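S.K.: First the structure, which I've put down as structure tokens, then a few questions once you've had a look.
The values are calculated or read from the model by the stated rules, or taken from the named source; none is laboratory data. None of these values were measured; they are calculated from a predicted model. Because the Cβ atoms are built from the backbone with ideal geometry, glycine has one as well, and the counts that use them run over all protein chains shown. When the accessible area is computed, the model is the full protein with side chains, heavy atoms only, and any ligands, DNA or RNA have been set aside. Shrake-Rupley method; radii C 1.70, N 1.55, O 1.52, S 1.80 Å.
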Amino acid sequence: MDYNNKSFKPILTSENGETTEETIFHYKQTEAILEAEYHGGSIIKGHLIGVIDEKGNIDMRYHQINTNGELMTGVCQSTPEILPNGKIRLHETWKWTSGDGSIGKSTLEEI
């Protein structure tokens, strides 16, 4: 799976999440290592880093600063789906490692 130089935005997220359709993720990939910077909506600045397996699944860690000035951190497992138009949809299950420690789900689509 090639995520390099692709951008994604959430189309669905759990109520306990901070991302919105205004949050844009810019992915960079070097071999099996994924990095991204993101911002928008209630997120001033965020970063993630992860590893990609042979099926394109991503095991990642993220940290971000929200508009309340809070530093939030978490872990996420992401599973890709290739859409009929060739774009990637990511199905994500995540957990805050800061704040309330709650679990959520998000769906991102390549833009």
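S.K.: Go through the range 63-81 residue by residue and tally those that are over 16 Å from Q29 (Cβ atoms), open to solvent by 20 Å² or more (accessible area, probe 1.4 Å) and assigned to a strand (DSSP E or B).
M.R.: Result for the range 63-81: 9.
S.K.: When E92 is evaluated against the numbered criteria (1) in a loop (DSSP other than H, G, I, E, B); (2) closer than 17 Å to A36 by Cβ, which criterion, by number, is the only one it fails?
M.R.: Condition not satisfied by E92: (1).
S.K.: Output the number of residues of the range 15-40 satisfying the condition of being farther than 17 Å from M60 by Cβ and either modelled with pLDDT under 95 or in a loop (DSSP other than H, G, I, E, B) (or both).
M.R.: Residues meeting the conditions: 5.
S.K.: Scan G56, G104 and give me the residue that is touching a residue at least 40 places away in the same chain (Cβ under 8 Å), outside any strand (DSSP E or B) and surrounded by 13 or more Cβ atoms within 10 Å (Cβ to Cβ).
M.R.: G56
S.K.: Do we find a residue being more than 11 Å from the chain's Cα centre (by Cα), in contact (Cβ under 8 Å) with a residue 60 or more places away in the chain and surrounded by fewer than 18 Cβ atoms within 10 Å (Cβ to Cβ) anywhere in the range 16-26?
M.R.: Yes, that holds for at least one residue.
S.K.: Something else about it: Among the residues of the range 1-14, count how many are within 19 Å of G86 (Cα to Cα), outside any loop (DSSP other than H, G, I, E, B) and polar (S, T, N, Q).
M.R.: So the answer is 1.
S.K.: Okay, moving on. Could you say whether any residue in the range 86-94 is crowded, with 19+ Cβ neighbours inside 10 Å, among the charged types (D, E, K, R) and closer than 17 Å to T13 by Cα?
M.R.: yes
S.K.: May I pose another question? If we keep just the residues of the range 1-14 that are open to solvent by 80 Å² or more (accessible area, probe 1.4 Å) and either under 11 Å from the mean Cα position of the chain (by Cα) or closer than 21 Å to T93 by Cβ (or both), which is modelled with the lowest pLDDT?
M.R.: M1
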